[in-house]
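Encoded as structure tokens, the structure appears first; notes follow it.
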Amino acid sequence: MFLQTRNFSNALLPKGPLAYIGGKWTAAASNKVFEVTNPYDGKLITETTNCDVEDAKKAVEAARNAFEKWSLETTAKQRSIILRKWFEILTAKEEELGKLITLEQGKPLVEAKAEIAYSAAFIDWYSGEARRIYGQVVPAPVLNREHYHTREPIGVIGIITPWNFPTAMIARKAGAALAAGCTLVIKPAEDTPLSALAFAQTGEEAGIPPGVVNVIPADRANTAMISKYLCESHDVDAISFTGSTAVGKLLLAQSASTVKRVSLELGGNGPVLVFESADIDTAVKGTMASKFRGSGQTCVSANRVYVQETIHDKFLAGLKKAFANLVVGDGMDPKTTQGPLINQKAIDKIRGLIDDAVKKGAKVELGGKNLGPTGCSFEPTLITGVTNNMEIAHTEIFGPVITIRTFKTEEEALKEANNSRYGLAGYLFSKDMAQCHRVARRMQTGIVGVNEGLLSAAEGIFGGVKESGLGREGGTQGIDEFTHWKYICIQH
Ligand code: NAD
């Protein structure tokens, strides 16, 4: 299989616009396609297949047919071995897979390769966890009876993922779900379907049996219909979604009619608290890393920075200095640290937030303009003078814009940090260990970084509280989303 278009070739893609259903590379029933473009220069990369509900039904049927074989006729050890092989293939193909991400998503190649390593780490972790999905033997309250609890795979999982981590957001779910014995129908984001197809191809190479993993790319219009079908179908046992809170709420509502399990990894509005005892260099480094990875298009991005007023000027000076190291450009250029935003809509959103803030009294200290061949890149931007009546204080920015404010006391800092309907990641910088523990415990987020801006690892859990989601990925707990407990009572 080898895909070749005008300006791009990659051995990891199917030849032509094909979905992956039941172990076969197949065109959509309608034969329709949609374009995949490079967000940096707007150029066409290739066309990919545009699946609709008919194709989704075939994918669900394939996943349903494969389920028993994968869950009951394959041992945990066999699943573990296949996942480990998949990890090795992903690791060996890091460069090629990384390039694919950079082409269709725009992030710098070094970050794209790190995303593949991160994805592979989840497959590796769940290769191990596959063999440790233990049940319980429970002492029975009456004689001649055995009581035990087992953990059963939920079944067919509908996976819907975003474009900001085109491979990792699939891998984080797929590793745990496959380890548990589930089978998958993956609907990748319309901006980044190629990475999902390449990921499936590496899985096929690792020995994932036909029908266990299915990928059905679709454009935005077909996506809405496919997602509705997946949520409402009795043949789909759970939905695992990563994306915006707005779409997450819609999928949760649509899933109510079948009472299926729904896991949601949604948006965030990351607060950062910098206390006066903090090491300024550590705080600047951590804040920059959290904010500017993926050009600010990460769910755990530092959006709102609150600095204790006694160190505000020092911290701001450090941050401004660090801005000088950011280079906006084509992700394929090794000098680039900031790729483009995903599309014009993202630029318009940021422009609107900045205009609203400035109108209400905020000051743009650095940046503020869009750049690049199609204007789809955005200068790293630093804003001060932000107040709570501005939209930017409450909205997930999802771009390279950071807001800085001051606080006087720990109590005030926590009140501001928790003043959000989101609760995904929060950060704090302090050398006072008692304060670190105290504030970390009181921060209303699912994830807290203390003196660290880059947190996520396969071994740790990931997920939010409030409107940032339901459920956890990663760690041992990641398996919980894809299993249910069964009680067995035996009379003898
Ligand atoms: P999005 O919600 O627009 O899209 C996510 C997925 O949902 C895509 O596959 C898309 O095709 C699909 N979708 C879009 N509209 C739909 C509809 N009407 N019905 C059904 N499906 C639909 O989000 P996005 O812009 O792709 O991603 C950015 C968002 O994802 C941000 O809010 C970010 O914080 C969040 N995110 C969260 C995590 C996390 O782990 N919590 C990780 C990455 C991204």
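Every number in this text was worked out from the coordinates using simple rules, so none of it is lab data. Predicted model only: the values in this text are computed from it and were never measured. Virtual Cβ from ideal backbone geometry, glycine too; neighbours counted across all protein chains shown.
A few notes on this one:
- Residue-span extension gain [Tyr148 to Asp235] - 0.36 nm each, minus C-alpha spacing: 28.5 nm
- Its convex hull of Cα atoms gives the chain a direction-averaged projected area, equal to a quarter of the hull surface, of 24.1 nm².
- Over the chain, DSSP H runs of length four or greater, each weighted -39,500 (n - 2.57), average out per residue to a 222 nm ellipticity of -11500 deg cm²/dmol.
- FRET efficiency estimate (nearest 0.05) - Cβ-Cβ, His437 to Val138, R0 45 angstrom: 0.80
- Rounded FRET efficiency, nearest 0.05, which uses the C-beta distance separating Lys335 from Glu35 and R0 of 30 Å: 0.60
- The modelled label-to-label distance for the pair Ala457/Lys15, using points 7 Å beyond Cα in the direction of Cβ, is 4.4 nm.
- Residues of type lysines that Lys369 reaches as a straight line, Cα spacing below 21 Å, ignoring anything fewer than 8 places off in the same chain: Lys107, Lys291, Lys320, Lys321, Lys335, Lys345, Lys349, Lys359, Lys360
- Nearest 10 degrees, 0 to 90: helix 312-323 Cα axis against the chain principal axis: 60 degrees
- In plain terms, the chain from His492 to Lys228 could stretch by 90.4 nm, reckoned as 0.36 nm per residue minus the Cα-Cα distance.
- FRET efficiency, 1/(1 + (r/R0)^6) with R0 60 Å, evaluated for Glu276 and Lys349 via beta carbons: 0.95
- The angle between the Cα long axis of helix 433-442 and the main principal axis of the chain comes to about 60°, on a 0 to 90 degree scale.
- Residue order, fewest to most beta carbons within 10 Å, for Arg441, Arg304: Arg441, Arg304
- The fewest-to-most ranking of Ser255, Ser295 by surrounding Cβ atoms within 10 Å reads Ser255, Ser295.
- Nearest 10 degrees, 0 to 90: helix 280-292 Cα axis against the chain principal axis: 50 degrees
- Taking label points 7 Å from Cα along the Cα-to-Cβ direction, Glu95 and Leu366 give a separation of 3.3 nm.
- Overall form of the stretch 39-133 per C-alpha gyration tensor (a/c, 1.5; a/b vs b/c): oblate
- Taking a point 7 Å from the Cα of Val465 along the Cα-to-Cβ direction, the residues of the stretch 230-263 with backbone N closer than 20 Å to it are 245, 263.
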